[in-house]
């Protein structure tokens, strides 16, 4: 089962600084997994 795009968001964060406190208020209404998002963003910029 494929997921369709429901919303496109632009969030500006400093590299390696994503945490649930900063993005929670923006991502919570969308139903996204906030911890997963933060971990993926941090992993992208740490390497």
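Quick note: the coordinates plus some simple rules give every number you see, no bench work behind them. All figures in this text were calculated on a predicted structure; none of them were measured in a lab. Glycine gets a Cβ as well: all are built from the backbone with ideal geometry, and neighbour counts include every protein chain shown.
Peptides 3-14, 22-33: what's the order by average Cβ count within 10 Å, highest mean first? It would help to have the intermediate numbers written out before the result.
Values: 3-14: 7.2, 22-33: 12.4.
Output ranking for 3-14, 22-33: 22-33, 3-14.
Please give the FRET efficiency for residue 43 paired with residue 6, using the beta carbon to beta carbon distance and R0 = 35 Å, rounded to the nearest 0.05.
Values: r = 24 Å, r/R0 = 0.69.
So the FRET efficiency works out to roughly 0.90.
Between the helical axis of 34-46 and the dominant principal axis of the chain, each derived from Cα atoms, what acute angle in degrees is found, rounded to the nearest 10?
40
Can you give the helix-only mean residue ellipticity at 222 nm for the chain, where every DSSP H stretch with n ≥ 4 adds -39500 (n - 2.57) and the sum goes over all residues, rounded to the nearest 500 deg cm²/dmol? Walk me through the intermediate numbers first.
On the way: 2 runs with 21 residues, N = 47.
The helix contribution divided over the chain gives -13500 deg cm²/dmol.
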